1. Among GLY65, GLN1, SER25, flag the residue with its Cα farthest along the positive direction of the charge dipole of the chain, charges on Cβ as +1 for Lys/Arg and -1 for Asp/Glu.
2. How large is Rg over Rh for region 32-79, taking Rg from the Cα atoms and Rh as the Kirkwood inverse mean of 1/r across Cα pairs?
3. Please report the carbon-and-sulfur percent of the accessible area for region 20-121; probe 1.4 Å, protein heavy atoms only, DNA, RNA and ligands left out.
4. Scan around THR90 for amide H atoms under 5 Å from its own, H built in the peptide plane at 1.01 Å from N, and keep only partners 5 or more places away or cross-chain.
5. Place a +1 charge on the Cβ of each Lys and Arg in region 1-99 and a -1 charge on the Cβ of each Asp and Glu, then give the dipole magnitude about the Cα centre in debye, rounded to the nearest 20.
6. For region 12-91, what is the accessible area per residue in Å² when the probe is 1.4 Å?
7. List the pair-distance distribution P(r) of region 52-121, using every Cα-Cα distance, as the percent of pairs falling in each 10 Å bin from 0 up to the bin containing the longest distance, rounded to whole percents.
8. Most mobile of VAL34, VAL12, VAL48 per a Gaussian network model of the chain (Cα springs, under 10 Å)?
Amino acid sequence: QVQLVESGGGLVQAGGSLSLSCAASGSIFSVEGVGWYRQAPGKQREAVAGITRGGRTSYADSVKGRFTISRDNAKNTVYLQMNSLKPEDTAVYYCNADVITITTMKQYSYWGQGTQVTVSS
């Protein structure tokens, strides 16, 4: 059993910053690639940023230069630093992780429960 817990969401004014965390726990052998996604009301879920276990990163064009994804493999935690936030960044943010479990030594995909980010204008 693996759990992903996001934290760090909240309400911020435009131009402000927030830092999200995604902590994985449970029967983990290794956390592989992790991605942050977001879903705004009435819109489809979209990819925001991703990071491989080795630290290679990727970003959606809409957040490049403003968001930074990073990870601490020792803590099984991935972070998303969000700067220069805009009202259009308002959404529920989810993390998704590919995890190799101790019990099966196979890779599975897990989602967190989401954390709300609201940017006021």
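1. About the Cα centre, the residue reaching furthest to the positive side is GLY65.
2. 1.01
3. C and S atoms contribute 49 percent here.
4. When sequence neighbours closer than 5 places are left aside, the close amide H contacts are VAL119.
5. 120
6. With all protein chains present, region 12-91 gives 51 Å² per residue.
7. P(r) for region 52-121, in whole percents per bin: 16, 45, 29, 9, 1.
8. VAL12
The values are calculated or read from the model by the stated rules, or taken from the named source; none is laboratory data. Because the structure is a prediction, the values reported are computed rather than measured. For neighbour counting, all protein chains shown are included, and Cβ atoms are generated from backbone atoms with ideal geometry for every residue, glycine included. Surface accessibility is based on the protein's heavy atoms, side chains included, excluding ligands, DNA and RNA. Shrake-Rupley method; radii C 1.70, N 1.55, O 1.52, S 1.80 Å.
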